[in-house]
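Contents: one structure, followed by commentary.
The values are calculated or read from the model by the stated rules, or taken from the named source; none is laboratory data. Here the structure is a predicted model, which means the values were calculated and not measured. Cβ placement follows ideal geometry from the backbone for every residue including glycine, while neighbour counts extend to all protein chains displayed.
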Amino acid sequence: MRNMNIGRSVKILLALVVAVLGPGLMAAKADTVWTLNDVDFNRPGYGTNAASGTITFNSTFTGLDAWDVTVTGTNTQANAVYENGTGGGYLDPSDTGVDLYDSGFAQYLDLVFASALTNSGGTVDLSVSGTLACPGCGTLVSGTLSTDPVATPEAGSLSLLACGLFGLGLLFVKRRVVLN
């Protein structure tokens, strides 16, 4: 009879460990939201534009999860709103930029990164070479992307927590058996 109670107690304890650690393990796979800062375009003779908004990358930086970017200014040909669901967007295969476009491929925005993006936070410059807002193709004057670090628990600390909880549970079960 005691062996059945010990087995049941261990199962309950394991279920509690999974319930406690489960959300933490899921948090380790958070998306990263990058914000456009001071992104300005110029097309001599036509005017200037500014881009603002956010781009959300999946946790492994292999694709885009969401984007909401607006380009406005005096070069009206380049004015556009880029949102997921009303157009398209993809991360360049070389991971050096993002291309956003409307549903008819008439408007597009190419953002080229000066360095690689990560989920560790910080600011990344946009490359003047290759960053465009088209049609009307205004070229980049200046701009950056920035993000806060994504808080993710380390796998080692989660394992240590799990072992500690499991050990306390076994101690509790052992003490309960000795008392009975």
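Here are a few things to note about the model shown:
The rows are residues; the columns are (1) assigned by TED's automatic domain parsing to the domain that holds Asn58; (2) part of a strand (DSSP E or B); (3) at pLDDT 85 or above.
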residue	(1), (2), (3)
Leu109	yes, yes, yes
Thr123	yes, yes, yes
Ser129	yes, no, no
Ser157	no, no, no
Leu160	no, no, no
Cys163	no, no, no
Gly167	no, no, no
Leu171	no, no, no
Arg175	no, no, no
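- Residues located in region 131-145, provided they are over 14 Å from Gly97 (Cα atoms) and at pLDDT 90 or above: Val141, Ser142
- Test: residue in region 54-75 that is without any contact (Cβ under 8 Å) to a residue 12 or more places away in the chain, assigned to a loop (DSSP other than H, G, I, E, B), in the same structural domain as Gly143 (by TED's automatic domain parsing) and exposed (fewer than 15 other Cβ atoms within 10 Å of the Cβ): yes
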